[in-house]
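J.: Here it is, the structure in full.
The values are calculated or read from the model by the stated rules, or taken from the named source; none is laboratory data. The structure displayed is predicted, hence computed values, not measured ones. Cβ: placed from backbone, ideal geometry, glycine included. Neighbour counts: every protein chain shown. The protein model used for the area step is the full one, side chains on, heavy atoms only, and it has no ligands, DNA or RNA in it. Shrake-Rupley method; radii C 1.70, N 1.55, O 1.52, S 1.80 Å.
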Amino acid sequence: MKISEKNATVLPLRLVVREFKAALLAILLISLLTNLLTLTPTLYMLQIYDRIMISQSGLTLVVLSGMALFLFAIMAFSEWVRSRILVRAGVRFDERLNSEVFKANFAAALNQGKHKPVEALNDLTHLRQFMTGNGVLAFFDAPWTPIYIAVSWMLHPLLGQLSIAFALVFLLVGGLGHLLTRSSHDRAQTANQQVSNFVQSKLRNAETVQSMGMLGGLRQRWLKLYRQQLAVTGRIQDHSQRLQSFTKFLQYAQQAMVLGAGALLVIQGELTPGAMIAANVLMARALQPVQTLMAIWKSFMAARLSTQRLSRLLKAHPAREGLPVTRALRGEVLLQDLGATASAGQKVILNQLNAEIHAGEVVVIMGPSGCGKSTLLRCMLGIWPETQGRVLLDGQALQSYDKGQLGTRLGYVPQDVELLEGTVAENIARFGQVDAEKVVAASQLAGVHQMILRLPQGYDTPLAPSGGLLSGGQKQRIALARALYDEPALVVLDEPDANLDEM
């Protein structure tokens, strides 16, 4: 089966949605029952005004009221069941995708700009929240709008014509409102992201900013971005307020026009008083899905964008099952015509490099800054995105191994050491099952065991993101212990002694 490029971008999520056909079918059938029962108030009013008030039969009133209450209870129960199914389906949808999105998000982060993840986990959360909200139910109820309009037409053609007219007006207003604010919403989202990124990047370097007197200049740049954000947000709020005011006018006008037209038809003898009241309720019910769709259209478009971003992310970084690491690795590394580029191939960093590193060898790579030493080390670990040629580990291509299993057999200390939030022992054990003996052995090998024991809680000392108040040398030694944990087959160190003093 040939898949077009347009359809290919949404294929991963479609495959997941197909697993929820049963839930969607159940919601569709319950929506059918719920919308049929929604006609109960209309029929009840017709009977009250056109039958009970004329016959003045108390028994008939009690029977009809009891039937109406029973149908109302069924309708409420059906809506509860429908919402419950929708929420559970949304949770299962999240559980089905969250691991894949999490892994793809990290894989995209390694591509250094080729595939930038745009808050993928937040996109998944937004999509799940939209799927479990009232907005989706409005899509199930919307097909009933023509049926309600047809019932109004059966009461009188004039009422049906008014229903069609107001439905078209509401759709037109909603469409124009979306067109007028769509570009503004995009600019507002971009401005918000710029302000947020600016503040976060400066907070990460608060010590440098404060110590070197850069706060004033940075504040002026932040104010410029912030004022642009306020200007765009203000325009959006103005458009939204005008649209809300006009929508309220249309709602009040619709109620008045229907009652007025019904009263005119009653005066002319073409409609009963009960039908006049019922028509007003019926038209309100007919237009409710349209008004709900107008209200949630912004959320729908946001969910649509989230779906597109997630689809592109999952398509670009699909889950792959590599060869399991079933035997101890020796650490033999073979580079065959290895090349590395950056900026989508525009900048060549390594070109047809060939080398062989035997197990147990200590190889030192030397050269001036910017010659590609760090890039070469990343290629040897399989974490550089733009590579050509092959990197073989024990005779097998690096990409053929299962990444999760292979990572436990490799050690790596990057130039910029980052410790993660957790205890010292958890960082050294790579956030897996903490083996105390292996943690201590790695720490002693890295020469950091005594230093850790001097910490407030020893190996159980919690670390803030990036290592908290630890010195650069302390963080680098802990990172070295992490790289040596469980005696990996290959250890790659990128300037591991840059921040170290003799201990």
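J.: Which log10 I(q)/I(0) values, to two decimals, does segment 224-269 give at q = 0.13, 0.21, 0.23, 0.28 Å⁻¹ under the Debye formula with one point per Cα?
T.: -0.51, -0.73, -0.78, -0.89
J.: Moving to a separate point now. Using the Cβ atoms and a cut-off under 14 Å, what net charge is assigned to the surroundings of residue 355, where Lys and Arg are +1 and Asp and Glu are -1?
T.: With Lys, Arg at +1 and Asp, Glu at -1, the net is -2.
J.: Please provide three numbers in whole Å: the alpha-carbon extents of segment 262-365 along the principal axes, with the largest listed first.
T.: So the three principal-axis extents are 102, 38, 18 Å.
J.: Between 0 and 90 degrees, rounded to the nearest ten: what's the tilt of helix 21-37 against the longest Cα principal axis of the chain?
T.: For helix 21-37, the angle is close to 20 degrees.
J.: To continue, here is another question. Taking only Cα atoms, what is the 0 to 90° angle, nearest 10, from helix 436-446's long axis to the longest principal axis of the chain?
T.: Once rounded, one gets 50 degrees.
J.: Given 103/224; 202/475; 21/315; 202/438; 373/403, which pairs have Cα atoms separated by over 26 Å? Could you put the intermediate results ahead of the total?
T.: Values: 103/224 37 Å; 202/475 21 Å; 21/315 22 Å; 202/438 38 Å; 373/403 23 Å.
The answer is 103/224; 202/438.
J.: Quick one: Kirkwood hydrodynamic radius for segment 198-298, alpha-carbon pairs, angstrom, one decimal?
T.: Computed over Cα pairs of segment 198-298, the Kirkwood hydrodynamic radius comes out at 18.6 Å.
J.: Heavy-atom accessible area per residue, the chain, 1.4 Å probe: how many Å²? Before the final figure, lay out each step's value.
T.: Details: 29610 Å² over 503 residues.
Counting only protein heavy atoms, the per-residue value for the chain is 59 Å².
J.: Nearest 500 deg cm²/dmol is fine: what mean residue ellipticity at 222 nm does the chain get from its DSSP H runs of n ≥ 4 alone, each adding -39,500 (n - 2.57), divided by its residue count?
T.: -21500 deg cm²/dmol
J.: Calculate how large, on average over all directions, the projected area of the Cα convex hull of segment 54-106 is; give the answer in nm² to one decimal.
T.: About 5.0 nm², averaged over all directions.
J.: Sort out the exposed loop GluC sites (Glu not before Pro) in the chain (DSSP loop, at most 11 other Cβ within 10 Å) and tell me the longest stretch that has none.
T.: Counting only loop sites that pass the neighbour cut-off, the longest clear stretch is 1-320.
J.: Evaluate the relative contact order of the chain (contact order divided by residue number), counting alpha-carbon pairs under 8 angstrom at least 6 apart; express in whole percent.
T.: On the way: 579 pairs, mean separation 78.2, N = 503.
Worked out over the chain, it gives 16 percent.
J.: Can you list the HN-Hα couplings for segment 477-488, worked out from phi with the Karplus curve (6.51, -1.76, 1.60; θ = phi - 60°), rounded to whole Hz and with x for Gly and Pro?
T.: Along segment 477-488, the couplings run 5, 5, 5, 5, 4, 4, 5, 8, 4, 6, 6, x Hz.
J.: Once ligands and nucleic acids are excluded and a 1.4 Å probe is used, how much of residue 374 is accessible, expressed in Å² to the nearest 10?
T.: Approximately 20 Å² for this residue.
J.: Using a 1.4 angstrom probe on the protein heavy atoms only, line up 240, 369 by accessible area, largest first.
T.: Values: 240 40, 369 120 Å².
Result of the area sort, largest leading: 369, 240.
J.: For a quick size check, give me the Cα extents of segment 377-447 along its three principal axes, largest first, whole Å.
T.: Its Cα atoms span 39, 25, 21 Å along the three principal axes.
J.: Counting every Cα pair in the chain, what percent are over 42 Å apart?
T.: Tail of the P(r) past 42 Å holds 44 percent of the pairs.
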